[in-house]
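Heads up, the thing below is written out as structure tokens.
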Amino acid sequence: MHYHVSKNGSDFNQGTEEQPFLTISQAAYIAKPGDTVTVHEGIYREWVSPKSGGTATQPIVYQAAEGEDVTITGAEVITEWEKDGDIWKTVIDNKFFGRFNPYNEVVFGDWLFTRDRVFHLGEVYLDGRAMYEQVSVEAVRHPEKSKTSFEPEFSVYAWYSEVDDDQTTIYANFQGADPREGNVEINTRRFCFWPENPGRNYITVRGFTMKQAATQWAPPTALQEGLIGPHWSKGWVIENNIISDSRNVGISLGKEESTGQNEWTTLFTKMGHQREQEVIFRAINNGWNKDNIGSHIVRNNKIFNCGQAGIVGHLGCAFSIIENNHIYDTRKKREFEGAEVGGIKLHAAIDTIIRNNVIHDSFRGVWLDWQSQGTRVNNNLMFGNDSEDILVEVSHGPTMIDHNILLSNYAFKTLSHSSALVHNLVAGAISIGNELNRHTPYHVPHSTAVAGMTRFTGGDDRFYNNIFLRPKDDPRTDEPIYVSFFGNDVLKEDEVENALAPFLSYPVGTAVFNDYPGADDEKPWERMRKFFETGEEPAKPTENEADEEAKPAYASLSKDAPLAIYVENNVYFNRALAYKKENGAKLFDDSALEFTIDRDNKKVVIDITKPELLEESAADIIDTAKLGFGFHTEQLFEKPDGSPYRFDTDFEGNSRGDRAVPGPFQVTGEKQIEISFE
């Protein structure tokens, strides 16, 4: 069947083009596998909760009519305002909200760090723009500019709410605007498009504007809510949508409630990482596998103004493709913070592909946390992210990161094993750390079955054919520093010991790994074999602290020491710093390229000015045979479908021939490259 929905329709109609339904929800109640629901122009103020899912061969498709603007919103217009001195107030009967009053629900959950004040799930919107919640009526009357917001001038547009048994009162400072003109909305719904029950498989949602949902904080140990999401299902396609102004998350590919619901925060027993381990094993026991969960496609969406993440997922994101999305202004208001914030924040992104996305002006770009195994991050553009572009945390890999353009001040942070960075343009710093107290799972290759668990000494990373581009006038010295986990604040010497996972950082380049063993150093298993065969202990380091050769060689044999790293044929411009044991490093005081971020015209321009510096550094094509396998997982660096990698095409799809030029582009002369981000 092909159903139609129109603002001129009625839910008593048959749902035909001539007699359309009035609400999308009516179509969602009756749609069956193979059906299509076409929605015509207008604003639909409803929560669409599909009653049924489709099948792999007969999905249910929800689509905006071609060429028509269709909006689904979780907000309602409020025009009944009265003056209260120099501000406004409205008094709303609680029956207006039904079973869910977002002004009586606080932002809450595991790994939410903001505890010094309360924020609510509701928002107040002036001309579609979310205002700033205050702690009192007095703060609304005399608002102060936010010191952390990315829009400090607008942060004085303020509101505050009080809820009793019968009514909700909202006070607001509209800075001279008249709210009685129909330009003010408030949240009334948690979701825009979200099945109330899990297991609604194979649904496609395309072409809509969806906004203003009062979603809850979405940690990996609770129900992960999103403005839109499959709610623990399989095979969704979310494409060509504009998604904005979710209180927390835009798109959720995450877990459901029964496997855990904020036990760390509510029970105050056990540590958070132990609770997450429990969640994973409960999920496996309850059918988390490739046959039932994941395999979603999220593509060609614009996602912005979400308070926590553009896209989030734990477990439910496995085996998925996230591509060609434009994600920006995540956590723009900087109101609350926690450990689940980023343009894309995924746990257990097993065999998930993240490619061709533009992610900017977010807290983090892509954050891969736990079980990034078989994951590929490629051909993405990232800039203006104020923590770092990519973080891989407590994962055992293999994680493939190739052909990305990483232009933020901090490009890559790792607290993991077995990441491979190949053919990237890296204009920010690399930071590294270890984690000896957390043990996380690794899996049977291309499966959710757990193969083992271990902690993180770091290492087993690969860096081949990358360009490291240090800022021309970088004020930093060449000495290492320690930075914080959140935000990369520089730590003082007396702060390092008590900091939460302090990270070692250098200026741009791979020199941050200088104390890691290299490919030619003796490996721990070689020491073990030698000990059992001969009983010979390794030589201890000399007492001379300046003996740089003896210390790392011995340290590489410690049970707490990092694994070896493999670094070859990278190019370092503007005095970027190379790993001291790298084979084939090319270091230059100047640069072969420059980039410009043109925000007015929404494009990044890269000028190749000295191509000969890159062409002379051409090397063999990198492939799976060169990359090998992850140490702990014993899984090859291979594509999610199990086929081998061979990086013989560049960022633009051009052939590399027999010799690969370092960086994302196969340079053959002077060239200007423009990448648009609309």
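The values are calculated or read from the model by the stated rules, or taken from the named source; none is laboratory data. The structure presented is a predicted model; accordingly, all values stated were derived computationally and were not measured. Ideal geometry is used to build each Cβ from the backbone, glycine not excepted, and the neighbour counts take in all protein chains shown.
At-a-glance table
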{"read-out": "Residue ID - nearest to L227 (Cα to Cα), chosen from residues in region 245-270 that are among the polar types (S, T, N, Q) and surrounded by 24 or more Cβ atoms within 10 Å (Cβ to Cβ)", "value": "S246"}
{"read-out": "Residues (closer than 17 Å to E335 by Cβ and either buried (at least 24 other Cβ atoms within 10 Å of the Cβ) or not assigned by TED's automatic domain parsing to the domain that holds A339 (or both)) located in region 305-321", "value": "C306, G307, Q308, A309, G310"}
{"read-out": "Subset tally (residues that are farther than 17 Å from M400 by Cβ and assigned to a loop (DSSP other than H, G, I, E, B)) for region 663-678", "value": "8"}
{"read-out": "Members of region 375-400 that are buried (at least 24 other Cβ atoms within 10 Å of the Cβ), out of contact with any Lys or Arg (no Cβ under 8 Å at 6 or more places or on another chain) and not in a strand (DSSP E or B)", "value": "S395, H396, G397, P398"}
{"read-out": "Subset of region 95-110 [touching a Phe, Trp or Tyr at 6+ places or on another chain (Cβ under 9 Å) and either modelled with pLDDT under 95 or over 27 Å from G260 (Cα atoms) (or both)]", "value": "F97"}
{"read-out": "Selection count, region 650-672, where residues are under 26 Å from the mean Cα position of the chain (by Cα) and small (G, A, S)", "value": "2"}
{"read-out": "Filter result (farther than 26 Å from A660 by Cα and either surrounded by fewer than 24 Cβ atoms within 10 Å (Cβ to Cβ) or not polar (S, T, N, Q) (or both)) within region 418-436", "value": "I432, G433, N434, E435, L436"}
{"read-out": "Pairs with Cβ under 9 Å, 6+ apart, first in region 584-604 and in contact (Cβ under 8 Å) with a residue 24 or more places away in the chain, second surrounded by 15 or more Cβ atoms within 10 Å (Cβ to Cβ) and of a type in the set (S, T, N, Q)", "value": "G584/N569; G584/N570; G584/S617; K586/N569; K586/N570; K586/S617; F588/N574; S591/N574"}
{"read-out": "Residue that is modelled with the lowest pLDDT [pool: residues in region 112-145 that are closer than 23 Å to D361 by Cα and surrounded by fewer than 18 Cβ atoms within 10 Å (Cβ to Cβ)]", "value": "T114"}
{"read-out": "Residue among K602, K626, K610 that is on the phi > 0 side of the Ramachandran plot and charged (D, E, K, R)", "value": "K602"}
{"read-out": "Residues that are under 10 Å from S505 (Cβ atoms) and in a loop (DSSP other than H, G, I, E, B), drawn from region 469-483", "value": "R476, P480"}
{"read-out": "Strands (runs of 3 or more DSSP E) fully within region 1-67 counting 1 or more residues that are more than 29 Å from the chain's Cα centre (by Cα) and farther than 27 Å from G226 by Cβ", "value": "2-5"}
{"read-out": "Top-ranked residue of region 331-355 - restricted to ones that are out of contact with any Pro (no Cβ under 8 Å at 6 or more places or on another chain) and of a type in the set (D, E), ranked as surrounded by the fewest Cβ atoms within 10 Å (Cβ to Cβ)", "value": "E337"}
{"read-out": "Residues (touching a helix residue (DSSP H, G or I) at 6+ places or on another chain (Cβ under 9 Å), of a type outside the set (D, E, K, R) and touching a residue at least 24 places away in the same chain (Cβ under 8 Å)) located in region 173-194", "value": "N173, I186, N187, T188, F193"}
{"read-out": "Any hit, region 259-277, residues being closer than 23 Å to P441 by Cα, among the β-branched types (V, I, T) and in a helix (DSSP H, G or I)", "value": "yes"}
{"read-out": "Selection count where residues are of a type in the set (K, R) and under 20 Å from P644 (Cβ atoms), scope region 364-400", "value": "1"}
{"read-out": "Meets criteria (farther than 24 Å from D460 by Cβ and in a strand (DSSP E or B)) for I354", "value": "no"}
{"read-out": "Residues of region 344-367 satisfying the condition of being farther than 19 Å from L415 by Cα and either touching a Ser or Thr at 6+ places or on another chain (Cβ under 6 Å) or among the aliphatic types (A, V, I, L, M) (or both)", "value": "T352, I353, I354, V358, I359, S362"}
{"read-out": "Count of region 166-215 residues which are in a strand (DSSP E or B), touching a Cys at 6+ places or on another chain (Cβ under 9 Å) and not small (G, A, S)", "value": "3"}
{"read-out": "Residue in region 126-137 that is closer than 30 Å to F486 by Cα, among the basic types (K, R) and either assigned to a strand (DSSP E or B) or touching a Ser or Thr at 6+ places or on another chain (Cβ under 9 Å) (or both) present", "value": "yes"}
{"read-out": "Qualifying residue in region 416-425 (condition: of a type outside the set (K, R) and under 14 Å from the mean Cα position of the chain (by Cα))", "value": "no"}
{"read-out": "Pick from region 599-615, criterion out of contact with any Asp or Glu (no Cβ under 9 Å at 6 or more places or on another chain) and among the acidic types (D, E), ranking: nearest to N424 (Cα to Cα)", "value": "E615"}
{"read-out": "Of residues in region 295-311 being assigned to a strand (DSSP E or B) and in contact with a His (Cβ under 9 Å, 6 or more places away or on another chain), the one farthest from W217 (Cα to Cα)", "value": "K302"}
{"read-out": "Which listed residue, of S372, S362, is over 20 Å from A420 (Cβ atoms) and assigned to a loop (DSSP other than H, G, I, E, B)", "value": "S362"}
{"read-out": "Region 624-640, residues that are closer than 17 Å to T448 by Cα and among the hydroxyl-bearing types (S, T, Y)", "value": "T633"}
{"read-out": "Tabulated pairs, region 279-295, first in the same structural domain as A222 (by TED's automatic domain parsing) and under 16 Å from V444 (Cα atoms), second surrounded by fewer than 17 Cβ atoms within 10 Å (Cβ to Cβ) and of a type outside the set (A, V, I, L, M, F, W, C), C-beta under 9 angstrom, 6+ apart or interchain", "value": "W288/R282; N289/S447; K290/S447"}
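Rundown of residues vs (1) under 24 Å from S362 (Cα atoms); (2) touching an Asp or Glu at 6+ places or on another chain (Cβ under 8 Å), yes/no style:
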position	(1), (2)
L415	yes, yes
L425	yes, no
H439	no, no
H443	no, no
S447	no, no
F456	no, yes
G487	yes, yes
N498	no, no
